1. Quick check on this structure: which one of D8, D30, D25 is at positive phi and either of a type outside the set (G, A, S) or out of contact with any Lys or Arg (no Cβ under 7 Å at 6 or more places or on another chain) (or both)?
2. Tell me which residues, restricted to region 1-13, are over 16 Å from S28 (Cβ atoms) and within 9 Å of the chain's Cα centre (by Cα).
3. Only one residue in C20, C16 is surrounded by 14 or more Cβ atoms within 10 Å (Cβ to Cβ), in contact with a Leu (Cβ under 9 Å, 6 or more places away or on another chain) and of a type outside the set (A, V, I, L, M). Which one?
4. Sort through D18, D29, D45, D25 and tell me the only one that's part of a strand (DSSP E or B) and free of Cβ contacts under 8 Å to residues at least 40 places away in the same chain.
Amino acid sequence: MRVEVDQDLCISCGACIDTCPEVFDWNSDDKAHATVSEVPAELEDQAHEAVENCPTNAIKEE
């Protein structure tokens, strides 16, 4: 599983980082981004929850 944050849609709410800090973090523009190229299998449920809870649908699963 891969995830990507659309920087144009991210509003820096931090919900994804709170839900799955092992996969998401702040970038230099104070927006969320994925810190891993491939989500580890044991974190897929948390990453999927972050995708589902994003208020602007900025996170896409691949």
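Only the coordinates and a few stated rules stand behind these numbers; no lab work does. Values in this document were obtained by computation on a predicted structure and should not be read as measured data. Cβ placement follows ideal geometry from the backbone for every residue including glycine, while neighbour counts extend to all protein chains displayed.
1. Details: D8 fails: at positive phi; D25 fails: at positive phi.
After ruling out the rest, the residue left standing is D30.
2. Listed by number, the residues that qualify are V3, E4.
3. Exactly one of C20, C16 is surrounded by 14 or more Cβ atoms within 10 Å (Cβ to Cβ), in contact with a Leu (Cβ under 9 Å, 6 or more places away or on another chain) and of a type outside the set (A, V, I, L, M), namely C20.
4. After applying the criteria, what remains is D25.
Residue-by-condition table, conditions (1) in contact with a helix residue (DSSP H, G or I) (Cβ under 9 Å, 6 or more places away or on another chain); (2) surrounded by fewer than 13 Cβ atoms within 10 Å (Cβ to Cβ):
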{"position": "H33", "(1), (2)": "no, no"}
{"position": "V39", "(1), (2)": "yes, no"}
{"position": "V51", "(1), (2)": "yes, no"}
{"position": "C54", "(1), (2)": "yes, no"}
{"position": "N57", "(1), (2)": "yes, yes"}
